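These notes concern the structure reproduced below.
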Amino acid sequence: MGKWLRLNTIDRRKGFVAGLIGGAVGVLVMQAYWRILPQDAFDWLPHSREPVEAARKLPAIEPLLGRRYLPDEAAAVAVGRTVYRLITGRQPRSLEERDRLRWLVLWAWGLGSGVAYGATRTTTRPRDLAGGFFYGLRLWFGDTVLTGLLGLKPDPRQWPLREHLLWLTTHWVYTFVTTQVTRLLYRAL
């Protein structure tokens with residue numbers, strides 16, 4: 001009984017550090033995934049470029065704070081642009097500046113999510129693989145629905161199936177890597 005209690009007693013400080021590093025590795029692997037994934041990776045699915053039929057039947061997502069995104073702008077760019085405007089009082093001037101802000105937002109999100117995962121985990125067992133699966137679903141849901149509610153993305157009912165699959169697999173790449181690196185580091189520390 002004592003050995004079981006020691007295995008399941010989680011040190012939140014160790015979890016914080018392991019999650020921070022796990023989140024960083026997760027973001028790096030996610031960036032590599034975006035670079036190597038072909039643009040037409042999900043086009044083999046029927047109707048992959050059309051909005052998901054079942055999603056059209058759901059109620060519309062109306063932004064609570066008004067529309068914050070520009071046409072063809074990712075949520076991370078909208079967040080970066082909005083925060084930049086609040087801090088400096090002006091809009092980013094170039095595409096390069098907007099891209100740097102996007103990566104800063106993605107890194108902040110990735111490190112913050114990793115820290116939250118590491119600091120709140122309850123076990124160091126290999127079941128983190130399943131945890132990575134459900135963690136990815138939660139992050140995808142937040143990135144899809146909550147960003148729509150905040151006006152950072154268009155209503156997800158308009159997205160084609162390939163976009164939903166791209167973002168879901170992207171979140172899974174991040175969460176599977178983050179959970180496994182965090183687990184391994186936690187055990188090693």
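The values are calculated or read from the model by the stated rules, or taken from the named source; none is laboratory data. Remember, it's a predicted structure, so these values are computed and weren't measured experimentally. Heads up, the Cβs are rebuilt from the backbone with ideal geometry, glycines too, and the neighbour counts pull from every protein chain shown. These accessible areas exclude ligands, DNA and RNA; they are computed on the full protein's heavy atoms, side chains included. Shrake-Rupley method; radii C 1.70, N 1.55, O 1.52, S 1.80 Å.
Could you please let me know if L101 is open to solvent by 30 Å² or more (accessible area, probe 1.4 Å), modelled with pLDDT under 95 and more than 30 Å from W44 (Cα to Cα)? Here the answer is no, as L101 does not meet what is asked.
Among T147, T170, which is the only one that is farther than 29 Å from R13 by Cα, at pLDDT 85 or above and in a helix (DSSP H, G or I)? Spell out how you get there, then give the answer.
Details: T170 fails: farther than 29 Å from R13 by Cα.
Within the list T147, T170, the selection yields T147.
The condition of being part of a helix (DSSP H, G or I), at pLDDT below 85 and either under 30 Å from D40 (Cβ atoms) or among the hydrophobic types (A, V, I, L, M, F, W, C) (or both) holds for R157. As a summary of the residue check, G132 satisfies the conditions (1) at pLDDT 90 or above; (2) in a helix (DSSP H, G or I) except for the one numbered (1).
Out of curiosity, is A74 within 22 Å of K153 (Cβ to Cβ), surrounded by 11 or more Cβ atoms within 10 Å (Cβ to Cβ) and of a type in the set (A, V, I, L, M)? Talk me through it step by step, then tell me what you get.
Working: within 22 Å of K153 (Cβ to Cβ): yes; surrounded by 11 or more Cβ atoms within 10 Å (Cβ to Cβ): yes; of a type in the set (A, V, I, L, M): yes.
Yes.
If you check A130 against the conditions, is it surrounded by fewer than 17 Cβ atoms within 10 Å (Cβ to Cβ) and closer than 26 Å to I21 by Cα? Considered against the rule, which asks whether it is surrounded by fewer than 17 Cβ atoms within 10 Å (Cβ to Cβ) and closer than 26 Å to I21 by Cα, A130 comes out as yes.
Taken together, R81, R102, R93 contain a single residue that is of a type in the set (D, E, K, R), over 23 Å from W172 (Cα atoms) and part of a helix (DSSP H, G or I), which is R81.
When you go through L70, L65 one by one, which is the residue that is closer than 24 Å to Q31 by Cα and at pLDDT below 90?
On the way: L65 fails: closer than 24 Å to Q31 by Cα.
The unique qualifying residue is L70.
Scanning region 77-94 for residues that are buried (at least 17 other Cβ atoms within 10 Å of the Cβ) and hydrophobic (A, V, I, L, M, F, W, C) yields V77, A78, V79.
Scanning region 17-49 for residues that are acidic (D, E) and in contact with a helix residue (DSSP H, G or I) (Cβ under 7 Å, 6 or more places away or on another chain) yields a count of 1. For region 31-58, taking the residues that are part of a helix (DSSP H, G or I) and at pLDDT 80 or above, the one that is most open to solvent (accessible area, probe 1.4 Å) is identified as R35. Within region 124-182, the set of residues being in contact with a Phe, Trp or Tyr (Cβ under 9 Å, 6 or more places away or on another chain), hydrophobic (A, V, I, L, M, F, W, C) and under 23 Å from A32 (Cβ atoms) comprises L129, F133, L137, L139, W140, L165, L166, W167, L168, W172, V173, F176.
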